[in-house]
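I have placed the structure first, in the form of structure tokens, so that the comments after it can refer back to it.
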Amino acid sequence: MHAGVASWYGPRFHGRKTASGERFNQNDMTAAHRTLPFGTRVKVVDETTGRSVVVRINDRGPFAHGRVIDLSKAASEALGMGGRGVARVTLVAAN
């Protein structure tokens with residue numbers, strides 16, 4: 001698919017409606033992407049560590065310049081982003 005910078009979002013948006021209409025749960029393995037259809041499953045690979053996570057697109061974003069995907073808090077933790085807040089990633093279609 002493509003590569004770029006991933007960021008994450010969580011507590012401030014927890015419980016709010018996403019662009020898909022479902023409630024955002026920071027503990028789910030979900031993400032926001034500008035154009036991918038809702039429900040699309042994407043494998044996000046951290047280019048630095050090689051760790052990966054599969055997320056389901058349920059929201060629109062990110063809105064910060066230069067970022068390609070916003071991960072839920074749970075997805076960012078599974079990816080091992082830790083205190084970095086952002087990570088260079090590659091997005092791959094998941095089966």
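The values are calculated or read from the model by the stated rules, or taken from the named source; none is laboratory data. What you are looking at is a predicted structure, and each value in this text was computed from that prediction instead of being measured. Cβ sites come from the backbone with ideal geometry, for glycine too, and all protein chains shown count toward neighbours. When the accessible area is computed, the model is the full protein with side chains, heavy atoms only, and any ligands, DNA or RNA have been set aside. Shrake-Rupley method; radii C 1.70, N 1.55, O 1.52, S 1.80 Å.
The sum of -39500 (n - 2.57) across all DSSP H runs of n ≥ 4, divided by the residue count of the chain, sets its helix-only mean residue ellipticity at 222 nm to -2000 deg cm²/dmol. Determine the relative contact order of the chain: mean sequence separation of Cα pairs under 8 Å and six or more apart, normalised by residue count, in whole percent. Averaging sequence separation for qualifying contacts and normalising by length gives 42 percent for the chain. In this simple spin-label approximation, Arg34 and His65 carry label points 7 Å from Cα along the Cα→Cβ vector, and these lie 1.3 nm apart.
Net charge in the neighbourhood of Arg56 (other residues with Cβ under 12 Å of its Cβ; Lys, Arg +1, Asp, Glu -1) is -1.
Its Cα gyration tensor gives the chain an equivalent ellipsoid, and the semi-axes of that ellipsoid, as √(5λ) in whole Å with the largest first, are 18, 14, 12. Per atom type, the chain shows carbon and sulfur on 51% of its accessible surface, probed at 1.4 Å. Put a plus charge on the Cβ of each Lys and Arg, a minus charge on the Cβ of each Asp and Glu, and nothing anywhere else: the dipole of the chain about its Cα centre is then about 180 debye.
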